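Okay, structure first, notes after.
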Amino acid sequence: MPDATHFYEPRHGHRLPHDPFNAIVGPRPIGWISSRSAAGALNLAPYSFFNAFNYTPPIVGFSSVGYKDTVRNCEETGEFAWNLVTQTLAEAMNQTCAGVPAQVSEFELAGLTPVASRLIAAPRVQESRVSFECRCTQIVQLRSADGDKVPTWLVLGEVVAVHIDQLLLKDGVYDTAGAGHVLRGGGAADYFSIGPEQLFHMTRPA
Ligand SMILES: Cc1cc2nc3c(=O)[nH]c(=O)nc-3n(C[C@H](O)[C@H](O)[C@H](O)COP(=O)(O)O)c2cc1C
């Protein structure tokens, strides 16, 4: 009888048509990161190696596979903004991943409006219904288990200001299911959207 488990060590290859790693650790929230270079060039790019890591203070982070414009801007200025991707912004978000020269603004490419943040110099996406203004706390180059440096940078930032469309606050409670969040799946073009039908409740044991 064949082994019912597909086992592999990533360093020796997965032996599948597509690497399942991203599909397993998914769907993931998208870090749609706006930043500004020291010279003032605006930048906007999606990062799905993104998540929240702390409550107080709130800390979010994203991982740049390669030293990309966003990580360089974060290093130069110590700031970035995070912007929520909802269904109506999915196409625009996708356009902002274009590999264009640093002086080209992805805001313009995607027809989006940069709006001034309140505490940081990096702009937010006006069309996005939730944004965080963040100050970088750590930029860490990742290492393998053998201790070798990996050409990937984890950028962590404290959320110092939050902007929420009032319509997403139902009796003061943020309406995740109603907001139309877009999440990244594993295939080259896979995305997920969530709505009230995916919501269920489970209380923690006392
Ligand atoms: C939905 C989505 C998620 C992405 N996630 C990542 C990621 O987590 N890390 C990364 O390095 N690139 C990721 N990319 C690719 C970057 O967005 C792309 O390389 C972009 O050009 C980087 O822009 P920048 O050089 O202006 O920072 C993603 C692209 C898309 C469409």
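Please go through the stretch 38-64 and give me each residue that is away from the ligand (no atom under 14 Å from the Cβ) and not hydrophobic (A, V, I, L, M, F, W, C), ordered by number.
In the first step, residues of the stretch 38-64 are kept if they are away from the ligand (no atom under 14 Å from the Cβ); the result is 38-40, 52-59.
If the condition is that a residue be away from the ligand (no atom under 14 Å from the Cβ) and not hydrophobic (A, V, I, L, M, F, W, C), then 40, 54, 55, 56, 57, 58 are the ones that fit.
Just the residues that are touching a residue at least 40 places away in the same chain (Cβ under 8 Å) and in a loop (DSSP other than H, G, I, E, B), please, taken from the stretch 26-42. First the steps, then the outcome.
Kept after step one, since they are touching a residue at least 40 places away in the same chain (Cβ under 8 Å), are these residues of the stretch 26-42: 26-37, 41-42.
Across the stretch 26-42, the qualifying residues are 26, 27, 30, 37, 41.
Scanning the stretch 98-119 for residues that are in contact with a helix residue (DSSP H, G or I) (Cβ under 8 Å, 6 or more places away or on another chain) and either among the hydroxyl-bearing types (Ser, Thr, Tyr) or under 24 Å from residue 52 (Cα atoms) (or both) turns up 113, 114. Where strands (runs of 3 or more DSSP E) fall entirely within the stretch 112-206, those with at least 3 residues that are of a type outside the set (Ser, Thr, Tyr) are at 130-143, 149-164, 182-184. Among residues of the stretch 172-206 being within 16 Å of the ligand (Cβ to nearest atom) and open to solvent by 100 Å² or more (accessible area, probe 1.4 Å), the one that is nearest to residue 30 (Cα to Cα) is 192. Residues in the stretch 65-90 that are in contact with a Ser or Thr (Cβ under 6 Å, 6 or more places away or on another chain) and near the ligand (Cβ under 9 Å from one of its atoms): 65, 70, 71, 73. Residue count for the stretch 38-88 satisfying the condition of being under 24 Å from residue 176 (Cα atoms) and either open to solvent by 50 Å² or more (accessible area, probe 1.4 Å) or over 14 Å from the mean Cα position of the chain (by Cα) (or both): 11. Scanning the stretch 98-113 for residues that are free of Cβ contacts under 8 Å to residues at least 24 places away in the same chain and more than 12 Å from the ligand (Cβ to nearest atom) returns 108, 111, 113.
The residues of the stretch 101-143 that are touching a strand residue (DSSP E or B) at 6+ places or on another chain (Cβ under 6 Å) and among the acidic types (Asp, Glu), listed by number, are 106, 133.
Restricted to the stretch 111-130, and to residues that are open to solvent by less than 40 Å² (accessible area, probe 1.4 Å) and under 17 Å from the mean Cα position of the chain (by Cα), which residue is farthest from residue 180 (Cα to Cα)? If you could, list the steps in order and put the result at the bottom.
Taking the stretch 111-130 and keeping what is open to solvent by less than 40 Å² (accessible area, probe 1.4 Å), we get 112, 115, 117, 120, 122-125, 128, 130.
From what's left, under 17 Å from the mean Cα position of the chain (by Cα): 122-125, 128, 130.
Numbers: 122: 25, 123: 23, 124: 19, 125: 17, 128: 11, 130: 12 Å.
The qualifying residue farthest from residue 180 (Cα to Cα) is 122.
The values are calculated or read from the model by the stated rules, or taken from the named source; none is laboratory data. Computed from a predicted model, the values in this text were never measured in an experiment. All Cβ positions, even for glycine, are placed from backbone atoms using ideal geometry, and neighbour counts span all protein chains on display. Note: areas computed on protein heavy atoms with side chains; ligands, DNA, RNA excluded. Shrake-Rupley method; radii C 1.70, N 1.55, O 1.52, S 1.80 Å.
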